[in-house]
Amino acid sequence: MPPSDDPVRRGRGRPVEDSLLEAAWLYYVEEWNQSRIADRLAVSRATIVNYLQQAREQGYVELRVDLAVFNRQRLSAALRERFGLAAALVVPGRSASLAAVALAAARYCPDLIEEGDVLGVSWGETIYEMAERMLPRVIADLTVVQMVGSMPSPYIFTSEGCSTNVALKLSGRVMNLYAPAALSSPEAAAILREEPLIRQHFALLDSMRKAIFAVGSMDADSHVVRSGIATVEDVAHYARNGAVGVLCGRFVDALGRHVEGPLDARMIGVTPDRLAGLAAGMLVASGPDRAPAMRGVMAAGYVTHLVTDEPTAEAVLDLPE
């Protein structure tokens with residue numbers, strides 16, 4: 001039999017890119033179901049699923065969160081009122097979910113960034129997972145700056161990896177901090193801070209308008225311990241002096257104030273006060289154990305935009321004023 005002229009069969013012999021784009025258009029714009037699209041393009045339903053996944057990964061299709069919808073939630077409204085936030089995106093669900101929060105932040109974060117911005121990026125699993133889930137977007141003249149020095153780590157989410165990945169996803173240039181997060185002595189740290197390259201980096205951080213950051217807990221298995229910045233004894237010392245969590249590698253108290261201690265003179269990175277007064281400070285955090293630190297940094301005014309989940313939001317709001 002000769003080849004069919006039926007338009008249902010016209011998917012055969014077409015470039016894959018054309019079929020991918022048509023599948024994405026039919027599914028997301030014309031709202032066809034996957035089986036109907038598969039018939040139209042004469043391919044399997046599994047192929048259509050693959051096309052749609054590729055369309056998202058390559059940035060042809062971007063799923064955006066309508067923040068106004070989430071802002072109507074009780075928790076979001078309570079967080080905005082209590083801490084004076086511009087926006088609070090609360091991911092629905094009964095269980096804390098770092099993956100869900102990272103995905104929501106990945107979809108929301110690029111909308112806060114504008115042409116010419118200098119964007120500071122901290123480190124941590126949440127920030128790394130957010131960057132991994134970002135869809136490619138071009139933001140002209142964007143500079144992404146690493147806020148915390150590097151460290152030997154058992155984790156994949158290194159400080160320089162977080163900033164580099166954000167820059168790659170948003171087509172920006174990255175300025176990584178070529179220094180350890182913590183040196184062996186205050187004297188070594190003081191010498192390194194005077195190096196021209198390090199001075200230039202902190203001069204750039206002085207021009208930072210926006211920042212994305214997470215907060216850490218203070219248990220023995222916390223990232224700040226496992227990455228080698230602090231020992232369990234160090235954490236206990238800071239806790240005795242009022243610290244409730246970690247922000248950009250520094251310890252903060254229940255009001256978000258920097259709790260200084262023996263580690264600070266050895267560290268290379270921003271201090272919490274640098275996050276005050278920014279055009280946008282986006283806190284991305286999940287887990288009730290982080291609630292005290294979250295409450296502190298929001299009370300201190302470092303946060304304008306929050307992305308979290310329901311159980312974590314509840315835990316923050318349940319803390320006393």
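The values are calculated or read from the model by the stated rules, or taken from the named source; none is laboratory data. For clarity, every value in this text was computed on a predicted model and none was experimentally measured. Cβ sites come from the backbone with ideal geometry, for glycine too, and all protein chains shown count toward neighbours. Heads up: the accessible areas ignore ligands, DNA and RNA and are worked out on the full protein's heavy atoms, side chains in. Shrake-Rupley method; radii C 1.70, N 1.55, O 1.52, S 1.80 Å.
Annotation note: Cβ proximity below 9 Å between a residue of segment 113-137 that is closer than 18 Å to Ala99 by Cβ and a residue that is of a type in the set (Phe, Trp, Tyr) and open to solvent by 30 Å² or more (accessible area, probe 1.4 Å) (sequence gap 6+ or interchain) occurs for Gly124/Tyr155; Glu125/Tyr155; Tyr128/Tyr155.
Within segment 94-135, how many residues are more than 21 Å from Leu278 (Cβ to Cβ), part of a loop (DSSP other than H, G, I, E, B) and in contact with a helix residue (DSSP H, G or I) (Cβ under 6 Å, 6 or more places away or on another chain)? So the answer is 1. Taking segment 32-65 as the range and being touching a Phe, Trp or Tyr at 6+ places or on another chain (Cβ under 9 Å), part of a helix (DSSP H, G or I) and without any contact (Cβ under 8 Å) to a residue 24 or more places away in the chain as the test, the residues that pass are Gln34, Ile37.
Taken together, the residues in segment 32-75 that are among the hydrophobic types (A, V, I, L, M, F, W, C) and modelled with pLDDT of 85 or more amount to 13.
Filtering segment 85-122 to residues that are more than 15 Å from Asp309 (Cα to Cα), open to solvent by less than 30 Å² (accessible area, probe 1.4 Å) and touching a strand residue (DSSP E or B) at 6+ places or on another chain (Cβ under 7 Å) leaves Leu85, Cys109, Ile113, Asp117, Val118, Leu119, Gly120, Val121, Ser122. Within segment 35-58, which residues are under 32 Å from the mean Cα position of the chain (by Cα) and surrounded by 13 or more Cβ atoms within 10 Å (Cβ to Cβ)? Those that are under 32 Å from the mean Cα position of the chain (by Cα) and surrounded by 13 or more Cβ atoms within 10 Å (Cβ to Cβ): Thr47, Ile48, Val49, Asn50, Tyr51, Leu52, Gln54, Ala55, Arg56, Gln58.
Taking segment 253-290 as the range and being in a strand (DSSP E or B), in contact (Cβ under 8 Å) with a residue 24 or more places away in the chain and in contact with a Leu (Cβ under 9 Å, 6 or more places away or on another chain) as the test, the residues that pass are Met267, Gly269, Ala280, Gly281, Met282, Leu283, Val284. For Pro288, indicate whether it is at pLDDT below 95, surrounded by fewer than 24 Cβ atoms within 10 Å (Cβ to Cβ), more than 23 Å from Ile113 (Cβ to Cβ) and more than 23 Å from the chain's Cα centre (by Cα). Considered against the rule, which asks whether it is at pLDDT below 95, surrounded by fewer than 24 Cβ atoms within 10 Å (Cβ to Cβ), more than 23 Å from Ile113 (Cβ to Cβ) and more than 23 Å from the chain's Cα centre (by Cα), Pro288 comes out as no.
Residue under question is Ala254, and the condition is that it be small (Gly, Ala, Ser), open to solvent by 30 Å² or more (accessible area, probe 1.4 Å), under 25 Å from His201 (Cβ atoms) and under 23 Å from the mean Cα position of the chain (by Cα); does it hold? For Ala254, the condition - small (Gly, Ala, Ser), open to solvent by 30 Å² or more (accessible area, probe 1.4 Å), under 25 Å from His201 (Cβ atoms) and under 23 Å from the mean Cα position of the chain (by Cα) - is not met.
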